[in-house]
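Chemist: I have a structure here, written as structure tokens, and I will follow up with some questions on it.
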Amino acid sequence: MNLNTEVVITGGGPAGMMCGLLLARAGIDVWVLEKHKDFLRDFRGDTVHPSTLRLMDELGLLDKFLARPHTEVRVMTAEFGRESFRVADFERLRGRAKFTALMPQWDFLDFLAEEARRYPSFHIAMEAEVTELMAKGNRIVGVRVKTPEGAGDLLAKLVIGADGRHSTVRDKAKLKVVDIGAPFDVLWLRLPFAAGDPKEPVARFVGGGFFVMLYRGDYWQCAMVIAKGGYDTIKAEGLSGFQARLRTAAGFARDRAETVTSFDQVHLLTVKVDRLEKWARRGLLCIGDAAHAMSPVGGVGINLAIQDAVAAANILAATLKKRTPSVHELARVQKRREWPTRVVQRFQVIAQNQVLARTIRSQVTPKPPWPLYVLDRWGWLRQWPARFLGIGMRPEHVRTPAVLLEPRLPELKTGDSAPT
Ligand SMILES: Cc1cc2nc3c(=O)[nH]c(=O)nc-3n(C[C@H](O)[C@H](O)[C@H](O)COP(=O)(O)OP(=O)(O)OC[C@H]3O[C@@H](n4cnc5c(N)ncnc54)[C@H](O)[C@@H]3O)c2cc1C
């Protein structure tokens, strides 16, 4: 694979796919390079926030998107032992999307890829891992990529690093990282769904743990929060010890703890929180987790990644049609998105240090903080957490123009004769 294009995006996660779609829609030749062969991975958040649904609406894609199987979370609740609190009420948001859609992220990314492929200037290469940046003097001019067919070079006016929290691009570009840290890791596992289970997501503080359950049709995708580096201790306790932890944490699904019969069914995700001092250098821009790795707290990392993508396309599309954006122009993306990122990371750090870390240390169910009683009692107050989690600060709107597409021919049904 040796090519010359306008934009190369490394990483086909939420940030990369949305940015690729918007740039191609604006008529820019764009290649998205994704190192995996498909989007099918368990350890991805499943939340498509109201802000993203609004963007879909602006793109004219909302109805088509919602025709895919999903569940809708209209009220977010938190459980502390046996007490349950309504925390955020998405029904109180303005606009059509009064809920967070829960859809396996591989379906969401497939949808974005399918829509992006309608634009002739969109290209995606799966199993294409970016291994090096190519530079001319001080300017990044492309990437080196490894594929099953061999290595190749892609030259571009701009490289966008959207390769997540373990970003190769930002390492190779030697962009300085401010490490904020996180005192916990997450164990990711599945428990079977049983008839009669609720289908709403669960976020539960119980004993010394925090346990999240996301409904995925015939199973629950579960996240167990543990102390940073604590997985070795858990494994040393053996499987029966782990099953006992699961019985405490899994609430109505406690009877299914024995379905975890091996630690091979449990995946450790190390949590990082950090951000780049500078998101760009000549010829290169980082967005999403590559620019600021987000903690899972609040489940808003996907939202921010998508918002970065929209801002990048809004700010850069017109210039990219003519020339390589200057560092100053690239820095405008950071200027627009850094403040919302800092606010969310601040909130995550407070939540993880004041609530999660204390819970894990004390090994007892924490007392619910008093604001939860207030939120549960007065419904209109729940619009503010809903806004913060579902829309975020400084929401973006699609401002890029769209190239005209050839209208699609109506699909032929079996028995129809082909048009002559
Ligand atoms: C345990 C956990 C749970 C989370 N749950 C939620 C949640 O429920 N809701 C939420 O909003 N956020 C959640 N987050 C945060 C969220 O996952 C991230 O903020 C979000 O995925 C960032 O999107 P992104 O596109 O920037 O990066 P990613 O989603 O990480 O995508 C990066 C992509 O780049 C690819 N890639 C990496 N390196 C290369 C390379 N060298 N070459 C080519 N491709 C490459 C990867 O395969 C991946 O597909 C969670 C985070 C963690 C750790």
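Every number here is computed from the coordinates shown, using simple stated rules; none is lab data. What you are looking at is a predicted structure, and each value in this text was computed from that prediction instead of being measured. So basically every Cβ, Gly included, is an ideal-geometry build from the backbone, and we count neighbours across all protein chains shown.
Chemist: Find the Rg to Rh ratio for the stretch 63-132, where Rh is the Kirkwood radius over alpha-carbon pairs and Rg uses the same atoms.
Modeler: Rg/Rh: 1.16.
Chemist: Holding the Cα-Cα limit at 25 Å, pick out from Lys199/Lys235; Lys98/Lys367; Lys172/Lys272; Lys136/Lys176; Lys146/Lys174; Lys235/Lys367 the pairs that are longer than that. If you can, show how the numbers build up before the last one.
Modeler: Working: Lys199/Lys235 30 Å; Lys98/Lys367 30 Å; Lys172/Lys272 19 Å; Lys136/Lys176 21 Å; Lys146/Lys174 21 Å; Lys235/Lys367 29 Å.
In this structure, Lys199/Lys235; Lys98/Lys367; Lys235/Lys367 exceed 25 Å between Cα atoms.
Chemist: By DSSP, what percent of the beta bridges with both residues in the chain are antiparallel, rounded to the nearest 5?
Modeler: Expressed as a percentage, antiparallel bridges in the chain total about 70.
Chemist: Using the alpha carbons of the stretch 256-365, what is the convex hull volume per residue in cubic angstrom, as a whole number?
Modeler: Spelled out: Cα convex hull of the stretch 256-365, divided by residues, is 148 Å³.
Chemist: Dividing the alpha-carbon radius of gyration of the stretch 345-401 by 2.2 N^0.38 Å (N being the number of residues), what value is obtained? Mind dumping the intermediate values first?
Modeler: Numbers: Rg = 15.9 Å, N = 57, 2.2 N^0.38 = 10.2 Å.
Working it through for the stretch 345-401, the quotient is 1.55.
Chemist: Show me 103-110, 145-152 ranked by packing, highest mean number of other Cβ atoms within 10 Å first.
Modeler: Ranked by mean Cβ neighbours within 10 Å, highest first: 103-110, 145-152.
Chemist: Let me ask something else. Write down Rg/Rh for the stretch 1-113, rounded to two decimals, with Rg from the C-alpha atoms and Rh from the Kirkwood relation over Cα pairs. Display every interim value, and only then the final one.
Modeler: Values: Rg = 16.9 Å, Rh = 15.9 Å.
Over the Cα atoms of the stretch 1-113, Rg/Rh equals 1.06.
Chemist: Sort 213-221, 170-178 by packing, meaning the average of other beta carbons within 10 Å per residue, with the highest value first.
Modeler: 213-221, 170-178
Chemist: So, one more: Given a Förster distance of 51 angstrom, what is the FRET efficiency for Lys37 paired with Ala236, based on the Cβ-Cβ distance and rounded to 0.05?
Modeler: Step by step, r from the Cβ atoms, then E = 0.90.
Chemist: So for the pair Trp380, Lys367, with labels modelled 7 Å out along Cα→Cβ, what separation do we get in nm?
Modeler: 3.0 nm
Chemist: May I pose another question? Among 10-16, 381-387, 56-62, how do they line up by average Cβ neighbours within 10 Å per residue, starting with the highest? List each step's numbers first, then the result.
Modeler: Details: 10-16: 28.7, 381-387: 18.4, 56-62: 16.4.
Packing proxy ranking, top to bottom: 10-16, 381-387, 56-62.
Chemist: While we're looking at this one, here's another question. Stokes-Einstein diffusion coefficient for the stretch 174-318 at 37 °C in a medium of 0.692 mPa s, Rh from the Kirkwood formula over Cα pairs: what value in µm²/s? Kindly include the intermediate steps, with their values, before the conclusion.
Modeler: Details: Rh = 17.4 Å.
So the translational diffusion coefficient is about 189 µm²/s.
Chemist: A further question follows. P(r) of the stretch 184-270 in 10 Å steps, Cα pairs, percent per bin?
Modeler: Bins of 10 Å from zero give 17, 58, 23, 2 percent of pairs.
Chemist: Let me know the Rg and Dmax you get for the chain when you use only its Cα atoms, in Å.
Modeler: Every Cα atom of the chain included, Rg and Dmax give 22.2, 75 Å.
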